[in-house]
Amino acid sequence: MDDSLQRIEYDLVVIGGGTAGPMAAVTAKLRNPALKVLLLEKADVHRSGAICMGMDGLNNAVIPGHATPEQYVREITVANDGIVEQSSLLAYAERSSGMIRQLDGWGVQFQKTGSGDYDVRKVHHLGEYVLPMPQGHNVKKILYRQLKRARVEIENRYQATRLLKDADGRIAGVFAVSTRTEQTLLIKTGAVILATGAAGRLGLPASGYLFGTYENPTNSGDGHAMAYHAGAELANLECFQINPLIKDYNGPACAYVTSPLGGYTANAHGQRFIRCDYWSGQMMLEFHHELEGGNGPVFLKLDHLAEDTIAEIERVLHTNERPSRGRFHERRGTDYREQMVEMHISEIGFCSGHSASGIWIDRHGRTTVPGLYAAGDAASVPHNYMLGAFVYGAICGESAIDDLAAGRAGTPDEDEIAAEFERANQALRVADGIPPGQMEYKIRRLVNDYLQPPKITRKMQIGLERFEEIREELPGLSAADPHERLRALEVHSILDCAEMAARASLYRQESRWGLYHLRVDHPQRDDDNWFAHSMLYKDAQGRMVSRKRPVEPYVIPIEERERDAYRRLRVEVGAAH
Amino acid sequence: MPITVNRVSVPVVVDDEKCIADKGCRVCIEVCPLDVLRINPASGKAHMRYDECWYCLPCEKDCPTGAVTVNIPYLLR
């Protein structure tokens, strides 16, 4: 190791400055202003993460008078075929409304009725949880102001690559690389909060453009890979994220905005075929059937709506979250007033924001590794969306500070640091090798070929063999500059996530969560053997293995008649309207 | 194996007349989540260096002089 490794020290490091990360850092700093808190961001916190251009609304607001925490926990339990840690859902639901008030106080504007109440809409199958944010484009600006006020230190353009532990197995450091210079960083710390977002660069989007992903492509699964290598358990990774999208464009359709205003998902005949546009595995399975069937493909239907309604939909969808969608439609000559909008399904990914897979955390945000916490799309709390990222960011910030008061980690292992220094710099030393983009394309093309549902056992086994071949080629990655080193290290994460996706899918020998885990050769749900979380981890020999974790006894009982509500989503012929 | 460079059409267009990167402005370069913009050494103006665009628009919205236009990448159009 040479001068390019700089050593610094903080009490707490938050990795990822998108949604959960800033909230975690601000909460921690407010809880104990004496501690040194670092927010590490691969891009720039001004415009980073899933909400870099804002968000058009809350999808899971639990507000008294509209919904109760108990009702929300029931809804999400049913939507996830029962495999949930209800205490974690309840911890979110009980703080949901308080977090909305906190954000409201910071200047985030939520839609209100004439009498000043929150204007909550119904999109879910059972309850009301959707709260529009017509001015949601400024969320990042508001978060940045709070980071500055709380005096959180920020390092932009650093990619965390590995977590380091002390002799007792407690988190003691973070290894990071600059994305613009050859510098590397060793941060000694007592606690780490992972807020690295989804693993969104796993499958290849239908457009074939590597960066045309549903998720912000900076979210390449670095956090999932770091947690795995640190020995943390990851839950239910076979419950893939697959979302309904505009064909070729990576924006959502978008049911949460259009459905309360009368828009809906339709088949080629303009007929409704699902009762509820809320994103669930069961909904996606019906979507997939229609897409591939004789009545396909699938469309977003708005052309029956009044002019002022369409104008409102355009204003929200074309200024927030995915603002380039307006120019996409314009170029294609698509006008919501005249035509239905062709839809498709997204590439696969890991994202608890919409599905249920991620780094396992309990209701305190703790992973299975001491000193390591996770929040947002990277963590395991299902259907958590943006508001869940804020709530679990706050929970992690509180837990990390409280745990630090009880004890500190020792020193990170020097051999591990040296090994990571070598791995992090390897691609810069290779002149004639494989450019990162080319290897990434190949991995993600294989992910589509072998892992995309419907899942087939033998295909996933072949996929694993191909991933193993590519793993042997990793030392041959060539980076022409620090930017390409960033991409090369992301390729390592993407390959780790591809292997995790295959092994987790092979482990669960049943079908569950609709399309998310549809195994053609195990087509039935098997509650006798598989009513459990699947936990993937690195064992003492360094092998990727899985085990079952029992579902904790429900704190909110589910009645028999509710249990299958999400399995009856298809509109029968003749009932459509 | 040896390496070559393929030409590609990129989505981010910078109007050199309006761009003030030569006066020290770095806004578009700093806000890009994918870090694909750089100063073009030939002109001193910003340009898209890496074809890794999410067409998310911070560069265009935050540019103080309106010099940046983001098109939809060719493969998606």
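The values are calculated or read from the model by the stated rules, or taken from the named source; none is laboratory data. What you see is a predicted model, and the numbers here were worked out from it, not measured in a lab. Positions of Cβ are generated from backbone atoms using ideal geometry, with glycine treated the same way; all protein chains shown enter the neighbour counts. For accessibility, only protein heavy atoms count, side chains too; no ligands or nucleic acids. Shrake-Rupley method; radii C 1.70, N 1.55, O 1.52, S 1.80 Å.
Counted as qualifying within the range A:454-550 are the helices (runs of 4 or more DSSP H) with 3 or more residues that are charged (D, E, K, R) and open to solvent by 10 Å² or more (accessible area, probe 1.4 Å), namely A:457-473, A:482-507. Scanning the range B:47-55 turns up no residue that is buried (at least 21 other Cβ atoms within 10 Å of the Cβ), of a type outside the set (Asp, Glu), away from chain A (no Cβ under 11 Å) and over 20 Å from A:His483 (Cβ atoms).
Do the conditions hold for B:Cys59, that is, is it under 19 Å from A:Asn320 (Cα atoms), modelled with pLDDT of 95 or more and in a helix (DSSP H, G or I)? Judged against the criteria, B:Cys59 is a match. For the range A:126-135, the condition holds for no residue, the condition being that it is open to solvent by less than 10 Å² (accessible area, probe 1.4 Å), aromatic (Phe, Trp, Tyr) and in a helix (DSSP H, G or I).
The residues on offer are A:Glu41, A:Glu70, A:Glu94, A:Glu9, and the sole one that is charged (D, E, K, R) and touching a Phe, Trp or Tyr at 6+ places or on another chain (Cβ under 9 Å) is A:Glu41.
Here B:Pro2 clears all of (1) over 21 Å from A:Pro436 (Cβ atoms); (2) open to solvent by 40 Å² or more (accessible area, probe 1.4 Å); (3) assigned to a loop (DSSP other than H, G, I, E, B); (4) facing chain A (nearest Cβ under 7 Å) except the condition numbered (1). Considering A:Ile417, A:Ile434, the condition of being open to solvent by 10 Å² or more (accessible area, probe 1.4 Å), aliphatic (A, V, I, L, M) and modelled with pLDDT of 95 or more is satisfied by A:Ile434 alone.
Here's the yes/no breakdown for (1) more than 27 Å from the chain's Cα centre (by Cα); (2) in a helix (DSSP H, G or I); (3) within 18 Å of A:Ile193 (Cα to Cα); (4) in contact (Cβ under 8 Å) with a residue 24 or more places away in the chain:
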{"residue": "A:Cys396", "(1), (2), (3), (4)": "no, yes, yes, yes"}
{"residue": "A:Ser399", "(1), (2), (3), (4)": "no, yes, yes, yes"}
{"residue": "A:Ala409", "(1), (2), (3), (4)": "yes, no, yes, yes"}
{"residue": "A:Ala419", "(1), (2), (3), (4)": "yes, yes, no, no"}
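What number of residues within the range A:348-358 satisfy the criterion of being open to solvent by less than 10 Å² (accessible area, probe 1.4 Å) and not in a strand (DSSP E or B)? The total comes to 7.
Inspect the range B:30-45 for any residue being more than 20 Å from A:Leu486 (Cα to Cα), open to solvent by 20 Å² or more (accessible area, probe 1.4 Å), touching a residue at least 24 places away in the same chain (Cβ under 8 Å) and of a type in the set (Gly, Ala, Ser) and give the result as yes or no. Yes; the residues of the range B:30-45 include at least one that is more than 20 Å from A:Leu486 (Cα to Cα), open to solvent by 20 Å² or more (accessible area, probe 1.4 Å), touching a residue at least 24 places away in the same chain (Cβ under 8 Å) and of a type in the set (Gly, Ala, Ser).
Being under 30 Å from A:Gly82 (Cα atoms) and part of a helix (DSSP H, G or I) is true of A:Gly388. Screening the range B:9-29 for residues that are in a loop (DSSP other than H, G, I, E, B), open to solvent by less than 90 Å² (accessible area, probe 1.4 Å) and of a type outside the set (Gly, Ala, Ser) and picking the one that is farthest from the other protein chains (Cβ to nearest Cβ) gives B:Asp16.
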